[in-house]
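Below: the structure, in structure tokens.
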Amino acid sequence: MATLIELAILLLLVVLNGIFAMSELAIVSARRGRLMAMQRRGSIGAEAALALAEDPQRFLPTVQIGISLVGILAGVFGGARLAGPLGEALSAIPGLAPFATEAAFALVVLLIAYTNLILGELVPKQLALRDPERVAVAVARPMTILARVTGPIVWVLSLSSSLVLRLFGPAPAVEQAVTEEEVKAVVAEGAEAGALEHEERHMIERVLRLADKPVRALMTPRNDVAWIDRNAAPQDIAAALRAQDVTRFIVADRRIDNVVGVVVAKDLLDQSLEGTPLSLAKVLRQPLVLPDNLNALDALDRMRHDTIGIAVVLDEYGSFEGVVTAFDLLEAIIGELGPAETPQESGELVTRSDGSLLLEGMMPSDELRARLDLPPLPYQGSYHTVAGLMLALLRRVPREGDRIVWAGWRFEIVDMDGRRVDKVLASRDEGPGAAN
């Protein structure tokens with residue numbers, strides 16, 4: 001009967017060790033967002049768990065004190081109480097009598113270590129990882145009370161460890177802020193687990209890239225801008241309205257570089273409906289002007305209060321570079337808008353039947369890098385499109401038929417629009433290669 005009581009006490013110590021181990025892992029692993037949501041719903045345990053997680057220097061030493069004391073007590077109690085009876089049993093075995101006491105002690109230590117490893121460490125920690133927030137809420141208040149009781153001991157231990165750590169020099173500054181890479185990793189993990197839809201993941205990643213993307217990477221370049229000469233006759237203005245599928249036109253003096261303002265197609269339509277001759281001067285508006293190196297996030301903030309919805313982009317010398325609209329900035333977040341597309345087609349990227357990809361020359365280079373999982377792009381920052389990447393890889397003006405092998409991909413320029421790269425075919429390259 002006494003032996004059973006001693007075994008029960010030993011098992012209780014092992015379980016107590018498991019509670020400490022489970023508490024430590026649960027509070028460390030619990031997600032702060034979920035605990036805060038539970039706190040807002042009135043959970044006192046969640047509030048206590050958050051307080052412990054924010055002050056690990058007070059909580060973790062308390063757990064270590066508990067685990068150490070339980071481990072020592074289990075070893076001493078088991079060796080003292082169980083080794084004697086087990087030694088008597090082993091001494092009855094022929095040949096073991098001279099070593100019965102030592103063998104019994106070693107066997108008791110091994111059994112205690114095994115039981116403590118399974119029931120006091122591995123199983124409790126696995127239970128904590130299954131639902132860390134729920135476990136953290138359950139154990140937080142008892143752990144808080146224990147931390148207060150052991151406060152003086154923790155203070156002595158913390159002081160002692162600080163004195164020892166001084167021998168190794170000052171501690172380096174640790175940046176606790178969450179990095180962009182960590183956010184992307186969490187988003188990728190959420191998408192793989194099914195918590196985020198595929199398109200939601202891409203939208204979040206695009207938002208994170210906005211601050212790193214200059215407005216010139218999103219603008220319509222000057223060669224593609226729809227514009228009307230300020231001195232155009234009414235019939236020429238009407239012809240431009242019919243020919244162009246845009247709602248706002250740049251107005252320039254004889255050539256596109258001499259921008260004088262913007263007209264909205266609706267204003268011209270109102271003139272036509274009123275029966276008055278079309279006049280650009282009467283409806284001319286002054287657009288927002290943005291530098292080409294302004295990042296897309298700041299451009300979005302500035303255009304939020306703009307009533308025209310279009311901005312003129314200038315370079316550092318004041319030369320006209322292109323235009324950017326609120327719609328361009330929206331597409332930078334949610335992707336290209338337009339007619340319904342097949343799963344293999346996404347405007348700037350079309351997946352062909354053989355697995356190769358047909359790319360638009362004006363496709364953003366950072367979007368290409370994300371889609372193809374490419375390494376850092378060469379000369380990054382000096383260009384922002386697939387066409388610019390081809391120029392950077394070739395180091396000359398491209399020609400139709402040029403092939404470039406880089407980062408495990410073969411890029412072939414299949415269509416040129418004058419001197420501009422219009423279409424690029426990308427396919428996996430299994431062998432070595434170099435730019436041609």
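The relative contact order of the range 215-334 comes to 30 percent, based on Cα pairs under 8 Å that sit 6 or more residues apart.
Placing unit charges on the Cβ atoms of the charged side chains and taking the dipole of the chain about its Cα centre, the candidate lying farthest along the positive direction among G418, V225, L52 is L52.
Mean residue ellipticity at 222 nm from the helices of the chain, using -39,500 (n - 2.57) per DSSP H segment of n ≥ 4 over the full residue count, to the nearest 500 deg cm²/dmol? Walk me through the numbers before you get to the answer.
Values: 17 runs with 228 residues, N = 436.
-16500 deg cm²/dmol, from helical runs alone.
Per-residue Karplus couplings for the range 129-136, computed as 6.51 cos²θ - 1.76 cosθ + 1.60 with θ equal to phi - 60°, are listed in order as 6, 5, 8, x, 5, 5, 5, 4 Hz, Gly and Pro entered as x.
Each other residue within a Cβ distance under 12 Å of R34 adds +1 if Lys or Arg and -1 if Asp or Glu, for a net charge of +3. Residue-wise HN-Hα couplings along the range 355-367, as the Karplus relation 6.51 cos²θ - 1.76 cosθ + 1.60 with θ = phi - 60° gives them from phi, are x, 6, 10, 9, 10, 6, x, 8, 5, x, 5, 5, 5 Hz; Gly and Pro carry x. With θ taken as phi - 60° and the Karplus curve 6.51 cos²θ - 1.76 cosθ + 1.60 applied, the whole-hertz 3J(HN,Hα) list for the range 65-70 is 4, x, 5, 5, 5, 5 Hz, x standing for glycine and proline.
Each DSSP beta bridge with both residues in the range 162-274 is either parallel or antiparallel, and the antiparallel ones are about 60%.
In a DSSP loop and with at most 14 other Cβ atoms within 10 Å, the chymotrypsin sites (Phe, Trp or Tyr not before Pro) in the range 238-339 are Y317. Taking the Cα centre of the chain as origin and assigning +1 to Lys and Arg Cβ atoms and -1 to Asp and Glu Cβ atoms, the resulting dipole is close to 1080 debye. Reported to the nearest whole Å, the Cα centre-to-centre distance from the range 218-281 to the range 1-46 is 72. Taking Cβ atoms as reference points and 15 Å as the exclusive limit, the residues near N293 contribute a net charge of -3, counting Lys and Arg as +1 and Asp and Glu as -1.
Among the GluC sites (Glu not before Pro) in the range 277-336, which ones are in a DSSP loop with at most 12 other Cβ atoms within 10 Å of the Cβ? Mind listing them?
Details: sites: E316, E321, E331, E336; in loops: E316, E336.
Of the GluC sites (Glu not before Pro), the ones in loops of the range 277-336 whose Cβ has at most 12 other Cβ atoms within 10 Å are E316.
For the chain, the relative contact order comes to 11 percent (Cα pairs under 8 Å, sequence separation of at least 6). From the alpha carbon centroid of the range 129-169 to that of the range 181-201 is 33 Å. Entry note: the chain has Rg to Rh equal to 1.22, where both radii use alpha-carbon atoms and Rh is the Kirkwood radius.
Could you sort the peptides 207-218, 406-417 by per-residue average Cβ neighbour count (10 Å cutoff), highest mean leading? Display every interim value, and only then the final one.
Details: 207-218: 18.7, 406-417: 17.2.
Highest to lowest by the protection proxy: 207-218, 406-417.
Net charge near R230: determine it from the other residues with C-beta under 10 Å of the C-beta of R230, scoring Lys and Arg +1 and Asp and Glu -1. Mind showing how you got there, number by number?
On the way: positive: R254; negative: D229, D253.
Once positives and negatives cancel, what remains is -1.
Just so you know, all these numbers are worked out from the coordinates, no wet-lab data involved. Since the structure is predicted, the reported quantities are computational estimates derived from the model, not experimental observations. Cβ: placed from backbone, ideal geometry, glycine included. Neighbour counts: every protein chain shown.
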